[in-house]
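I have placed the structure first, in the form of structure tokens, so that the comments after it can refer back to it.
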Amino acid sequence: MEHIVFLDAGTLGSDTDLSGLERFGTVVCHHHTDPVDLDARIGEATILISNKVMLSGATLAAHPRVKLICVAATGTNNVDLDYCRKNQVAVTNVAGYSTDSVAQHTFALLFSLLENLDYYQQYTRDGDYTKSPFFTNLDHSFWELAGKTWGIIGLGAIGRRTAAIASAFGCQVQYYSTSGANHDRDYPRVDLDTLLSTSDVISIHSPLNARTRNLIGREQLEKMKPEGVLINVGRGGIANEEALRDALNRGEIRGYATDVLETEPMTPDCPLRQVTDASRLVITPHIAWASKEARARLTDELILNIGAFLEGGKRNRVD
């Protein structure tokens, strides 16, 4: 029987059922693990599950009983893969579980920003609507999606799902391939400058790598339409936060909505905290992936990965 330790089970929420792991042996779930507690919590574990806890080669070398690391996410930058390859420690990840959730949140971010929902909710909550001589309030105007151009940076699974929804709203969709290798017959591929200058909405769905870090900076923001909206559900480091702060404060674009930040959790000195017009900015705390259904799929995938490994298979192996 295996000894399974989930180092940061709190990242999946209290409403996620992890009981399926118990078929493999004993299971210990920690809500959160600080670095100072890591060695003690790994203990005699044979299987580790981690969403974001860093697992360095030095840490793993002190725990030779660990034979499998299950990353409860798609990205594996929190695991020393070189060490694992050299020392026969298997590593698996989970992909494709959050496509619908992230695509849905992309539009939640857009509508919250575009239609100033926070302002109007506050307007009714504070009682100002009860004092109005009019049946409506047009303090903040918004435009329709129908007939607009939606530009997608990174046309992977989530980008394609977003494109389909945008098309259903009547948008003309175009995309930029960050790798240069993506060719999609359903939507026109354009260069980045064209996408920036001709799109009314731009959504980022690409991974963070050497090609995409700071892909959207001061120069790129200046090429966007003045009423353009930028949405980031990829990674925070793709859009430069200082450049965004300055562009928003100068009113150079309509707004920025993001679920990801360069440093997470948000730091007190995050440049986006210095945006002076709150109506131009919407930030959510990295929740786009986390619908109840997506977290259930992720848990199911973890169980399947462990089962396959114990039966000699190589399901979702990244080592």
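The values are calculated or read from the model by the stated rules, or taken from the named source; none is laboratory data. Keep in mind that what you see is a predicted model, and the values were worked out from it rather than measured. Here the Cβ positions follow ideal geometry from the backbone for every residue, glycine too, while neighbour counts run over all protein chains shown. In case anyone asks, the SASA skips ligands and DNA or RNA and just uses the protein heavy atoms, side chains included. Shrake-Rupley method; radii C 1.70, N 1.55, O 1.52, S 1.80 Å.
A search for C-beta distances below 6 Å between a residue of segment 271-300 that is in a helix (DSSP H, G or I) and any residue that is surrounded by 15 or more Cβ atoms within 10 Å (Cβ to Cβ) and among the β-branched types (Val, Ile, Thr), counting only pairs 6+ apart in sequence or on different chains, returns Arg295/Thr16; Leu298/Val94; Thr299/Thr16. Within segment 112-131, the residues that satisfy the criterion of being surrounded by fewer than 12 Cβ atoms within 10 Å (Cβ to Cβ) and either part of a loop (DSSP other than H, G, I, E, B) or touching a helix residue (DSSP H, G or I) at 6+ places or on another chain (Cβ under 8 Å) (or both) are Asp126, Gly127. Return a yes/no flag: does segment 56-68 have any residue that is over 26 Å from Thr263 (Cα atoms), part of a helix (DSSP H, G or I) and more than 18 Å from the chain's Cα centre (by Cα). Yes: segment 56-68 contains one or more residues that are over 26 Å from Thr263 (Cα atoms), part of a helix (DSSP H, G or I) and more than 18 Å from the chain's Cα centre (by Cα). Taking segment 179-210 as the range and being open to solvent by 40 Å² or more (accessible area, probe 1.4 Å), under 29 Å from Asn249 (Cβ atoms), of a type outside the set (Ser, Thr, Tyr) and at pLDDT 95 or above as the test, the residues that pass are Asp191, Asp193. Note on segment 1-39: residues that are farther than 16 Å from Asp300 by Cα and in contact with a Lys or Arg (Cβ under 7 Å, 6 or more places away or on another chain) total 5. For the structure I just gave you, tell me whether Arg297 is open to solvent by 30 Å² or more (accessible area, probe 1.4 Å), within 30 Å of Asp82 (Cα to Cα), within 19 Å of the chain's Cα centre (by Cα) and not polar (S, T, N, Q). So Arg297 passes the test.
Among the residues of segment 254-275 satisfying the criterion of being open to solvent by 70 Å² or more (accessible area, probe 1.4 Å) and among the polar types (S, T, N, Q), which is nearest to the chain's Cα centre (by Cα)?
To start, the set of residues in segment 254-275 that are open to solvent by 70 Å² or more (accessible area, probe 1.4 Å) comprises 262-266, 268-269, 273-274.
Applying the additional criterion that residues be among the polar types (S, T, N, Q) yields 263, 274.
Numbers: Thr263: 13, Gln274: 22 Å.
Here the residue is Thr263.
Within segment 202-211, the set of residues being under 15 Å from the mean Cα position of the chain (by Cα) and either acidic (Asp, Glu) or farther than 14 Å from Val260 by Cα (or both) comprises just one member, Asn209. For the condition at pLDDT 95 or above, open to solvent by 60 Å² or more (accessible area, probe 1.4 Å), out of contact with any Phe, Trp or Tyr (no Cβ under 8 Å at 6 or more places or on another chain) and acidic (Asp, Glu), what is the one hit in Asp80, Asp39? After applying the criteria, what remains is Asp39. Looking across segment 142-158, the residues that are part of a loop (DSSP other than H, G, I, E, B) and open to solvent by 40 Å² or more (accessible area, probe 1.4 Å) come down to Phe142, Trp143, Glu144, Ala146, Gly147, Lys148.
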